[in-house]
Each structure stands twice: as C-alpha cells, then as structure tokens.
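Where a number appears in this text, it was derived from the coordinates with a stated rule and is not lab data. Please read all numbers here as calculations on a predicted model, not as lab measurements. Positions of Cβ are generated from backbone atoms using ideal geometry, with glycine treated the same way; all protein chains shown enter the neighbour counts.
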C-alpha cells in the first residue's frame, strides 16, 4: 500500500481535483489526466457509523469515516483506521483497490 494517490489534474490550468469529474472545476476544460500526488494531509473531522440500512455496510459496522484536507487537493472522505484520532493531526491517505475492487482510501498515522 503506497502513501501516494491518483487524482485528476487539468492540462489547461494545472488545477488538481478530487473527486474525478468530466471537466475541470476551475476552468471547465475537458483536457484532464491522472496524476499521482503524496497522500499527506490533516484530519478535519471524523465520525463513527453504528447503523446502516444497507446489508453490505452492516457487515462493516461500526465504521469510522474521516474527512481529510490534503496538502495538494481539497478534501477526501476515507475509511479511518487510526485509534484515538484527533482533529488537526497529520495523517496519510493510502489508496486501496484494484481492477476487481473499487478504489477507496484509508487514513493512517503519518
């Protein structure tokens, strides 16, 4: 598992964005490419899900979810794997998944 993550960047204006979109959020260009950035950032908030109506999520409960402000991109929502998380702490986003599984992100201690 790497500490770098793949996000979209605009070839026209250089804006880096997540989540992926059809056009650049900054200049509306459709000339987008994937780029790899370091997954370092700051924990903005987190919550614990204790209930879900969806069977596939019920198996993961309780489920900790974090909002992280990355150093080079706005915010990412990710699975939280840190014990005793603290708002403002430095964290690393790790990208998981492959062609058989959807991409998702995990927050780990820096």
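Within the P(r) computed for region 46-94, what percentage of the Cα pairs occupies the region above 17 Å?
In whole percent, the long-distance tail amounts to 39.
Determine the shape class of region 18-110: with a ≥ b ≥ c the square roots of the Cα gyration tensor eigenvalues, call it rounded for a/c under 1.5, and otherwise prolate if a/b is greater than b/c, oblate otherwise.
Working: a/c = 2.02, a/b = 1.37, b/c = 1.47.
Oblate, because a/c is 1.5 or more while a/b does not exceed b/c.
Go through 54-62, 5-13 and give me the packing order, highest mean Cβ count within 10 Å leading. Walk me through the intermediate numbers first.
Details: 54-62: 9.6, 5-13: 17.4.
Highest-to-lowest ranking by the protection proxy: 5-13, 54-62.
Starting with the fewest neighbours, write out 71, 64 ranked by other beta-carbon atoms found within 10 Å of each beta-carbon.
On the way: 71 11, 64 17.
Fewest to most other Cβ atoms nearby, the residues stand as 71, 64.
Could you compute the FRET efficiency for residue 21 and residue 96, with r as their C-beta to C-beta distance and R0 at 35 Å, rounded to 0.05? Let's see the in-between values first.
On the way: r = 22 Å, r/R0 = 0.62.
Once the sixth-power term is evaluated, E becomes 0.95.
When 24, 75 are ordered from fewest to most other Cβ atoms inside 10 Å of their Cβ, what list results?
Numbers: 24 21, 75 16.
The fewest-first ordering by Cβ neighbours comes to 75, 24.
Modelling each spin label as a point 7 Å along the Cα-to-Cβ direction, I'd like the residue 83/residue 31 distance in nm, to one decimal.
Spacing of the two 7 Å Cα→Cβ label points: 5.1 nm.
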